[in-house]
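Everything on this sheet refers to the single structure shown next.
The values are calculated or read from the model by the stated rules, or taken from the named source; none is laboratory data. Predicted model, so just to flag it, every value in this text is computed and none were measured. Positions of Cβ are generated from backbone atoms using ideal geometry, with glycine treated the same way; all protein chains shown enter the neighbour counts. For accessibility, only protein heavy atoms count, side chains too; no ligands or nucleic acids. Shrake-Rupley method; radii C 1.70, N 1.55, O 1.52, S 1.80 Å.
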Amino acid sequence: MAALAPLPPLPPQFKSLQHHLRTAQEHDKRDPVVAYYCRLYAMQTGMKIDSKTPECRKFLSKLMDQLEALKKQLGDNEAITQEIVGCAHVESYALKMFLYADNEDRAGRFHKNMIKSFYTASLLIDVLTVFGELTDENVKHRKYARWKATYIHNCLKNGETPQAGPVGMDEESNDEENEEAGTSPLPTHPPQRSSSAYDPSNMPSSSYTGIQIPPGAHAPANTPAEVPHSTGVTGSTIQPTPQNIPVVDPALFSTMSIGDVRLTPEDFARAQKYCKYAGSALQYEDVSTAVQNLQKALKLLTTGRE
């Protein structure tokens, strides 16, 4: 892929976008589709923050040039020409990052690469907002991934051993930059335990504790850096988690030929989106999420309602 023209210095108003833009640069060769949508998110968000100040207008103009150049280079890629495919691509990539980091966390293997994977997953969930409103699951995944990156980073920085898996989580976190982690703006103080712990026994199945880690899960090919040999993942470490598969509603099948259901192009697009989400979930043996999304698609196609 041809090199893109460099951007001017980042205006202070756009400080919150610096890590999304850095993620874009990191993925220019690794995954150009992800790089494109990271820049698109930065462009759209930057326009909302400040599109009038001269330095901001100049920066956004150059960023637009990068987007146009990428669009020409990727013009025959369905993930660029069709938003539904693009959304599924970015979401699937974010899930890979999340599952890799969550796998390492639950196995008690704490290192900078897994911290960065957690935070990169949260950034890519930010990017999903270019396609519309986030699902409740994605909002929870983003919050959990960002908190985990903060918590583990600060524990390692302070010489403490993090607790593996979902433990206590603060409701709020600061966004002070911490370049040492190489991941994100992270709080300078480790989060304190809150009274509302994230306990798998009292969380709904649609939350992040319901994500099923496939046996022998390994780092996806596009993780930010190589995992140290001493922290390699083996198939014997992670055991399959019993899957809580939702029951298929029999009423969905009985409505197939009842009534005159008229579907709009938007309905077909949403149904296709649910099917792609289901396909992404099956790649990671997450049967529960796959069934839920297929049920949503079936209900929409047979009743015209979600």
Solvent-accessible area, 1.4 Å probe, carbon plus sulfur percent, for the range 1-116: 52
Per residue solvent-accessible surface (Å²) - the range 110-153, probe of 1.4 Å: 30
Given 58/116; 15/140; 52/140; 116/140; 62/276, the pairs whose alpha carbons are separated by over 27 Å: 58/116; 52/140; 62/276
The range 103-174: GluC sites (Glu not before Pro) in DSSP coil with no more than 12 other Cβ atoms inside 10 Å: 133, 160, 171, 172
Ranking by accessible area, most exposed first, for 4, 294, 124 with a 1.4 Å probe: 294, 4, 124
Near-label residues of the range 71-85 by backbone N, under 16 Å of a point 7 Å along Cα→Cβ of residue 272: 76-85
Computed FRET value (nearest 0.05) for residue 76 with residue 133, which takes r as the C-beta separation and R₀ as 35 Å: 0.75
Cα-based shape type of the range 266-306, given that a ≥ b ≥ c are square roots of the gyration tensor eigenvalues and the cut on a/c is 1.5: oblate
Theoretical gain in end-to-end length, residue 263 to residue 13 [0.36 nm per residue, Cα-Cα removed]: 85.7 nm
Solvent exposure, largest accessible area first (probe 1.4 Å, DNA, RNA and ligands not counted), of 262, 142: 262, 142
Sites residue 160 and residue 49 - FRET efficiency at Förster radius 35 Å, r taken between beta-carbons, to 0.05: 0.45
Label point distance in nm, residue 111-residue 57, each placed 7 Å from Cα along Cα→Cβ: 4.9
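How large is the translational diffusion coefficient of the range 1-129 in µm² per second when you combine the Kirkwood radius over alpha carbon pairs with Stokes-Einstein at 37 °C and 0.692 mPa s?
Estimated via Stokes-Einstein, D reaches 213 µm²/s.
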Gained length - residue 69 relative to residue 306, 0.36 nm times residue gap less alpha-carbon distance: 81.5 nm
Order of exposure, largest accessible area first, which applies to 51, 288 with probe 1.4 Å: 51, 288
